[in-house]
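In what follows, a structure is listed as structure tokens, so that the remarks can point back to it.
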Amino acid sequence: MGQRRLARERAVQILYAIDRTGQSLTDALVGYLEMQEGRQRRLLHHFTAELLERTLEHLPEIDQILGEVITHWQPERVAVVDKQILRLAACEILYFPDIPPKVTLNEYIEVAKTYSGTEAAAFVNGVLDRVAHMRGEKLEVGGGRKRATDNEKPTTDNGQ
């Protein structure tokens, strides 16, 4: 597993703790590091901290966007771990322009499979695809990012 994947998984765990306990980011980070044992106890990847900081900084906007794109579900019915995965992934799509959205989608689909199962991974995929399209991004094969022009309309899942 790559360093960025591990950083994302740790961010999911820490954001989950913050959501459940109401801890500050600093307290959650310290608590997480104290719980690590032996060889696993090492410094957090800088990407984990940066991702958590940006997610918490923009949480109201991220939650609003997720609320707009999650259809056929009430946002409060989304599993807590899935909500944290969606928040972090949406933050990457919206506030990390150097990371291609396709990479973000693929990474968080795998994280969802690990922490929530295959059905959750399909749900995460659908929601994040809508987030990317809502921001005017067209997901390109090979992980590229292309802005939709005023004359182009984002396509739906079935290519229409």
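Which of the residues belonging to region 105-123 are within 23 Å of Thr71 (Cα to Cα), modelled with pLDDT of 95 or more and among the β-branched types (Val, Ile, Thr)?
Once the filter is applied, which keeps residues that are within 23 Å of Thr71 (Cα to Cα), modelled with pLDDT of 95 or more and among the β-branched types (Val, Ile, Thr), region 105-123 yields Ile109, Val111.
Taking the options Leu33, Leu15, name whichever one is within 14 Å of the chain's Cα centre (by Cα) and not polar (S, T, N, Q).
None of the others qualify; the one that does is Leu15.
The values are calculated or read from the model by the stated rules, or taken from the named source; none is laboratory data. These numbers were taken from a predicted model, which means no experiment stands behind them.
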